[in-house]
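Shown next, in structure tokens, is the structure this report addresses.
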């Protein structure tokens with residue numbers, strides 16, 4: 001965490017947190033924000049590692065999540081995603097047609113409801129166990145935040161972008177109250193862990209990258225970006241979150257798919273894409289949250 005000094009001016013890490021990184025890059029403590037948004041899946045897998053990273057860097061943590069836990073239950077299901085859902089061995093046994101377009105939803109329409117009906121709600125104490133000083137926002141899904149069934153394959157992207165925007169607003173409110181802007185903002189899903197070594201932070205803060213964003217595998221395709229993790233300066237993070245406004249314009253403004261829309265949204269603003277590493281990629285184990293798990297044999 002970072003907090004005002006006695007004179008209300010400069011900001012400092014707590015003792016022992018992030019000192020080496022701060023001195024070697026800007027000759028002062030870095031102001032870093034972790035913006036964690038979306039649907040909590042298996043916090044035991046990722047949150048302990050995110051906590052270590054936040055403490056190491058002295059990051060301020062903002063969390064905006066849904067009340068109901070979630071899991072990957074449909075939409076576009078490729079082999080990698082099937083592995084997240086069922087484990088690698090069972091995923092390989094699935095018929096190949098289930099991993100094309102939205103075939104999984106059509107073949108097993110009741111799957112999502114059956115999987116999620118036994119999931120527990122998220123409470124603040126669950127998050128505080130890992131991030132005791134975080135700004136936390138837990139929200140019931142009362143709004144209609146689906147694109148509908150008009151052929152859009154990423155039907156949950158509007159819901160996801162709303163939470164990105166809402167979490168970013170928590171960050172902006174903090175900046176306004178403190179009178180200081182964050183140097184680095186790390187936007188992430190709850191089930192990924194960023195890899196933020198000194199080299200990565202130095203790249204984000206380089207004068208050459210003032211209008212850049214760092215996303216895993218960003219070098220592979222300039223017309224397609226992953227949406228699980230993004231590292232940038234605070235103004236670029238604000239623009240990233242503003243994609244929610246464009247998504248709200250559907251169907252007047254047709255929606256192409258989150259990965260293409262994100263690349264177009266950032267590219268039109270002249271923001272350059274750079275790749276960044278990731279420590280842990282989306283993992284979950286929703287089988288153990290089911291009523292009859294473990295099986296009685």
Next on the checklist: If the requirement is being assigned to a loop (DSSP other than H, G, I, E, B) and touching a residue at least 60 places away in the same chain (Cβ under 8 Å), which of these qualifies: 171, 155, 163?
Outcome noted: 155
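Yes/no matrix, rows are residues, columns are (1) at pLDDT below 95; (2) not in a loop (DSSP other than H, G, I, E, B):
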site: 200; (1), (2): yes, yes
site: 208; (1), (2): yes, yes
site: 225; (1), (2): no, no
site: 236; (1), (2): no, yes
site: 244; (1), (2): no, yes
site: 263; (1), (2): no, yes
site: 292; (1), (2): yes, no
Checklist entry - (1) modelled with pLDDT of 95 or more; (2) buried (at least 16 other Cβ atoms within 10 Å of the Cβ); (3) within 18 Å of the chain's Cα centre (by Cα): which one isn't true of residue 175, the others all being true? => result (3)
Next on the checklist: All but one of (1) at pLDDT below 90; (2) surrounded by fewer than 17 Cβ atoms within 10 Å (Cβ to Cβ); (3) within 24 Å of the chain's Cα centre (by Cα); (4) assigned to a loop (DSSP other than H, G, I, E, B) hold for residue 80; state the number of the condition that does not hold.
Outcome noted: (4)
Item to check | Filtered residues of region 265-290 (kept if out of contact with any strand residue (DSSP E or B) (no Cβ under 8 Å at 6 or more places or on another chain), at pLDDT below 90 and outside any loop (DSSP other than H, G, I, E, B)) | outcome: 286, 287, 288, 289
Checklist outcome for this item: Within region 209-234, the count of residues that are out of contact with any strand residue (DSSP E or B) (no Cβ under 9 Å at 6 or more places or on another chain), closer than 16 Å to residue 34 by Cα and surrounded by fewer than 20 Cβ atoms within 10 Å (Cβ to Cβ) comes to 0
Checklist entry - Among the residues of region 50-60, is there at least one that is on the phi < 0 side of the Ramachandran plot, assigned to a loop (DSSP other than H, G, I, E, B) and either at pLDDT 90 or above or in contact with a helix residue (DSSP H, G or I) (Cβ under 8 Å, 6 or more places away or on another chain) (or both)? => result yes
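The values are calculated or read from the model by the stated rules, or taken from the named source; none is laboratory data. Since this is a predicted model, take the numbers as computed values, not measurements. Counting neighbours? That spans all protein chains shown, and the Cβs are built from the backbone with ideal geometry, glycine included.
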